[in-house]
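Novice: Following this message is one structure expressed as C-alpha cells.
The values are calculated or read from the model by the stated rules, or taken from the named source; none is laboratory data. Bear in mind the structure is a predicted one, so any value in this text is a computation, not a measurement. Keep in mind that these areas ignore ligands, DNA and RNA; they rest on the heavy atoms of the full protein, side chains included. Shrake-Rupley method; radii C 1.70, N 1.55, O 1.52, S 1.80 Å.
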Amino acid sequence: MATEPPFFEKYKVIFQSSADEKEKSTMVDVFEEIELPLINLGHLNLGPFERRKCIETMARAAAEWGFFQIVNHGIPEELLDRLNQEQVKVFQQPFGKKSEDKFLNLSAQSYRWGNPLATSLRNLSWSEALHLSLKDISKMDEYNNLRSTIEEYAGEANVLAQRLAEHLAQNLGIRASYFRENCSPSSCSLRMNRYPPCPYSSIMFGIVPHTGTDFLTIVSQDQVGGLQLKRNGRWVSVKPNPKALVVNIGDFYQALSNGKYKSLTHRVIANRESERYSAAYFYCPTYETVIESCSKPSLYRRFSFKEYREQIQKDVKATGDKVGLSRFLW
C-alpha cells in the first residue's frame, strides 16, 4: 500500500489552478545561509564567570535572533538517534493506516498532513506530522518501542526546556518558580515531522511561514536543511549543525519578556530530491496560565493560553493565518 499522503488527489483544484502561475510565483531559491548563535551549555557547569557569560550569550541570541543552537545539552545522542528511527518507522506505514481515526490509539487528528484550509500552493504545507499531547502517550500500548522512546525523550526535553526558560528569565525580573508552577510535561507536546520530496519545491513550502505559540521549542533535525527564518525583513537559511539542537523563542516568551525576546516567523522549504525529518518539543503552560508582560509599560494585555488558542482558531478560519501576538497589543 502507498505510504505517501495523496497531495495531488486531495488538492487537485489547487494544483490545477496554480499550474499557469508557476513561473510567475516561483520563489527566489537562493538565500544567504547563516549559522545560528551556538551556545555550549557545558559552560553552565564551570565557574561563575563562565556561567554568567553563557546565560548572557543565550539571552542576547534570544533578543537578537529569536533562535539559537545548543551543544552539550544533556540529551544523549543515542536517544536522539532512536527517536529518529522510531519516527521513520511511523511515517513508513501505509497512508490508509496513518489516517485512521485512532491511529496508534491516539486522539483524533494526531496524524496531520497538508492544510485543509489551503487556497493556493503558497499556504499548502507539503509535509505530514504526528502531533502528540504528552498526556496521550500512555495510550500507545501496542507500540511499546515508540511509546517508551517518546516518553524518555519527552522527559529529557522537558528538563532541558525548563532549564533554558529559567536561565532566560534571570534578567527579566521573573520569579524563579514561574515555569515550574505553570508548565508541566502534561501541558507540553511533541510534533514529529516528515517532509516528502516535493515536485513543486520552487513554489510551495514544507511548512508555511508561522511563529511558535509556546514559550520555546526544542528542535532536533536531520542534515537535509530547509529551515529558514525571517530576520530584519529578509529570509535567511539556517545551516544544519549535526551536533546541535535548535531552540526558538515562542509567542508566549515574547509577550512575557515584554518584547525583549523575539518570536520570529520561520518556515521550511520543500526539497525536490530528499525527504527531511525533524522533531519539535513545545514547552507550553497549562491552558489556564495567564501570560503577563514582566515590565511596564507592557506591550501586550494579559491573556491566557486558552484565550490565545481560541483567537488563533478564529483567525485561521477567517483569514487562513494565525495572526498571533498582534491581536493582544494594547
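Novice: Looking at the range 170-258, what % of the alpha carbon pairs are farther apart than 21 Å?
Specialist: It works out to 45 percent of all Cα pairs.
Novice: Keeping all protein chains in place, calculate the accessible area per residue for the chain (probe 1.4 angstrom), answer in Å².
Specialist: Averaged over the residues of the chain, the accessible area is 48 Å².
Novice: Probe radius 1.4 Å, ligands and nucleic acids ignored: give me the carbon and sulfur share of the accessible area of the range 140-292 as a rounded percent.
Specialist: Looking at the range 140-292 in its full context, I get 46 percent from C and S.
Novice: Using the Karplus curve 6.51 cos²θ - 1.76 cosθ + 1.60 with θ = phi - 60°, what ³J(HN,Hα) values do you get for each residue of the range 115-124, in whole Hz, with x for Gly and Pro?
Specialist: For the range 115-124, the Karplus-derived couplings read 7, x, 9, 5, 10, 7, 5, 5, 10, 9 Hz, x marking Gly and Pro.
Novice: Restricted to Cα positions, what overall size does the range 40-161 have along the principal axes? Three whole-Å values, descending.
Specialist: 56, 39, 22
Novice: Kirkwood hydrodynamic radius, the chain, all distinct C-alpha pairs: what's the number in Å?
Specialist: Kirkwood radius, the chain: 20.7 Å.
Novice: If you don't mind, another one. Based on the inverse mean of 1/r over its pairs of different Cα atoms, what is the Kirkwood hydrodynamic radius of the range 187-330, in Å?
Specialist: With all distinct Cα pairs of the range 187-330 included, I get 16.3 Å.
Novice: Provide, in order from the shortest bin, the percent of all Cα-Cα pairs of the range 137-198 in each 5 Å bin, continuing until the bin that contains the maximum pair distance.
Specialist: Over the range 137-198, the share of Cα pairs per 5 Å bin runs 3, 14, 20, 18, 14, 12, 9, 6, 3, 0 percent.
Novice: Also: Where does helix 144-169 land angle-wise versus the long Cα axis of the chain, in degrees 0 to 90, nearest 10?
Specialist: 40 degrees
Novice: Between the helical axis of 305-319 and the dominant principal axis of the chain, each derived from Cα atoms, what acute angle in degrees is found, rounded to the nearest 10?
Specialist: So the helix axis and the longest Cα principal axis differ by about 30 degrees.
Novice: Please give the helix 77-91 orientation as an angle from the longest Cα principal axis of the chain, in degrees from 0 to 90, rounded to the nearest 10.
Specialist: 30 degrees
Novice: Just the accessible area for residue 309, please: 1.4 Å probe, Å², rounded to the nearest 10?
Specialist: Answer for residue 309: close to 80 Å² accessible.
Novice: Nearest 5 percent is fine: what portion of the DSSP beta bridges confined to the range 92-242 is antiparallel?
Specialist: Within the range 92-242, antiparallel bridges account for around 95 percent of the total.
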